[in-house]
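*Asks:* A single structure is presented below for examination.
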Amino acid sequence: MKTAVVTGGAGFVPSHLVDRLLSEGLRVIAFDNFVTGNRQNIAHLVDEPRFLFFEQDVSEPFDVEGEVDYVFHMASPASPIDYVQIPIETLKAGSYATHNSLDLALRKKARFLLASTSEVYGDPEVHPQQEEYWGNVNSVGVRSCYDEAKRYAEAATMAYHRHHGLDTKIVRIFNTYGPRMRLDDGRVVPAFIGHAMRGEPMSIFGDGSQTRSFCYVSDLVDGIWRLMQSSYNMPVNCGNPHEMSIRSFAEAVAQYFGIECRFDPKPLPPDDPKLRKPDISKAKELLGWEPVIAFDSGIADTIRFFRNQ
């Protein structure tokens with residue numbers, strides 16, 4: 001039986017990845033320190049004999065017994081609210097924790113996958129964003145603790161690949177949504193759903209014309225698993241190229257709830273990306289992957305989850 005290690009395993013996306021790995025017949029060892037993870041996300045696995053969990057900050061050195069086939073480094077705060085409140089932890093997740101996870105993969109001769117982000121493209125001057133674009137990031141801005149941590153993590157991953165011959169993968173994740181998100185995490189999907197549930201105006205930054213491309217979590221996890229199985233070592237975008245403005249997304253959520261869409265405009269945050277859309281040509285060609293969950297279906301599932309909380 002193959003074994004996978006997942007850092008940040010109680011987080012939103014990583015907990016869905018854990019479920020997928022178990023469904024593929026793997027044994028899974030997960031780590032999380034619950035800075036942003038949620039025990040409820042893995043509570044259903046308490047009696048699963050192939051799942052082992054350790055409460056630990058992977059920014060500190062860690063190890064596991066026995067053979068390991070895959071290391072998925074998923075641990076990192078991933079919302080704007082988190083960047084402001086815990087910038088040092090965010091930087092450590094991209095630096096120390098990345099090295100510790102790479103070192104584990106090196107010791108175990110395991111394949112390694114880094115969960116990177118579309119934020120490495122910053123506020124892009126190229127649209128849609130393709131993997132060869134180097135990005136437009138403010139290295140001293142308020143978002144830099146996340147953007148630059150992930151850019152550093154990519155550099156570290158490629159250094160281990162080139163210097164040590166480690167088999168590494170890098171997935172650049174675009175806006176992802178679905179059950180197990182935190183309602184208070186500050187990202188636009190739970191924020192707008194929360195506003196609608198409470199009957200509040202939608203807080204939009206600027207005029208709401210900035211765009212995002214929303215990918216349902218099961219689609220993303222499928223892309224991550226396919227990438228880990230591949231022989232490709234350079235970054236690959238995984239996201240849904242269905243692009244929509246923040247304003248139109250708010251209107252879609254309001255329509256689902258059957259309420260009037262009212263707006264509460266806020267100043268545009270510094271370095272907030274004005275455009276975000278993945279070019280997924282590489283994922284299609286190399287992995288045979290593209291999203292299959294329609295937005296209407298995915299947002300309905302997500303709203304049901306929050307209503308049940």
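*Asks:* So what is the 222 nm mean residue ellipticity for the chain from helices alone, if each DSSP H run of at least 4 adds -39500 (n - 2.57) and you divide by all residues, rounding to the nearest 500 deg cm²/dmol?
*Replies:* About -11000 deg cm²/dmol.
*Asks:* Okay, next question. Which trypsin sites (Lys or Arg not before Pro) in region 56-153 pass both tests, a DSSP loop state and at most 15 other beta-carbon atoms within 10 Å?
*Replies:* Taking region 56-153 and a limit of 15 other Cβ atoms within 10 Å, the loop trypsin sites (Lys or Arg not before Pro) found are Lys109.
*Asks:* What is the Cα radius of gyration of the chain over 2.2 N^0.38 Å, N being its residue count?
*Replies:* 0.96
*Asks:* Quick check on my link table: of Lys169/Lys284; Lys109/Lys284; Lys108/Lys169; Lys92/Lys266; Lys150/Lys284, which ones sit more than 26 Å apart, alpha carbon to alpha carbon?
*Replies:* Beyond 26 Å between Cα atoms: Lys109/Lys284; Lys92/Lys266.
*Asks:* While we're on this one: P(r) for region 63-150: what percent of alpha-carbon pairs falls in each 10 Å bin, starting at zero?
*Replies:* 17, 39, 30, 12, 1
*Asks:* Taking θ = phi - 60°, what integer Hz values does the Karplus form 6.51 cos²θ - 1.76 cosθ + 1.60 yield along region 266-275, in sequence order, with x for Gly and Pro?
*Replies:* Whole-Hz 3J(HN,Hα) from phi for region 266-275: 10, x, 5, x, x, 6, 5, x, 7, 9.
*Asks:* How large is ³J(HN,Hα) for each residue in region 90-107, as worked out from phi by the Karplus curve 6.51 cos²θ - 1.76 cosθ + 1.60 (θ = phi - 60°), to whole Hz, x for Gly and Pro?
*Replies:* 5, 5, 5, 5, x, 10, 4, 5, 5, 4, 4, 6, 5, 4, 4, 4, 5, 4
*Asks:* Please build a GNM for the chain, connecting alpha carbons under 10 Å apart, and tell me which residue among Ala155, Ala93, Ala283 fluctuates the most.
*Replies:* Maximum among the listed residues: Ala155.
*Asks:* For the chain, modelled as a GNM with alpha-carbon contacts under 10 angstrom, which of Gly66, Gly186, Gly135 fluctuates the most?
*Replies:* Taking springs between Cα atoms under 10 Å, the residue moving most is Gly66.
*Asks:* Just add up the charged neighbours of Phe72: K/R +1, D/E -1, any other residue whose Cβ is under 10 Å from the Cβ of Phe72.
*Replies:* +2
*Asks:* Now for a separate question. Within region 10-70, which chymotrypsin sites (Phe, Trp or Tyr not before Pro) sit in a loop by DSSP and count at most 15 neighbouring Cβ atoms inside 10 Å?
*Replies:* Listed in order of number, the matching sites are Phe34.
*Asks:* Please work out the FRET efficiency for the pair Met197 and Val46, using the Cβ-Cβ distance as r and a Förster radius of 30 Å; give the result to the nearest 0.05.
*Replies:* E between Met197 and Val46, to the nearest 0.05, is 0.55.
*Asks:* Cα convex hull of region 149-193: mean projected area in nm², to one decimal?
*Replies:* Mean projected area of the Cα convex hull: 4.3 nm².
*Asks:* What GluC sites (Glu not before Pro) in region 1-89 are in a loop by DSSP, with at most 14 other Cβ atoms within 10 Å of the Cβ?
*Replies:* Here the sparse-neighbourhood loop sites are Glu24, Glu65, Glu67.
*Asks:* If you don't mind, another one. To the nearest 10 degrees, how steep is helix 295-308 against the longest Cα principal axis of the chain, on a 0 to 90 scale?
*Replies:* Once rounded, the angle reads 90 degrees.
*Asks:* Please work out the C-alpha center-to-center distance from region 99-136 to region 226-251 and express it in whole Å.
*Replies:* Result: 13 Å between the Cα centres.
*Asks:* Share of Cα-Cα pairs in region 1-115 beyond 23 Å, in percent?
*Replies:* Tail of the P(r) past 23 Å holds 22 percent of the pairs.
We did not get these values from a lab; they are worked out from the coordinates using the rules stated. Keep in mind that this is a model prediction, so the values were computed, not measured. Here the Cβ is made from the backbone with ideal geometry for all residues, glycine too, and neighbour counts use every protein chain on show.
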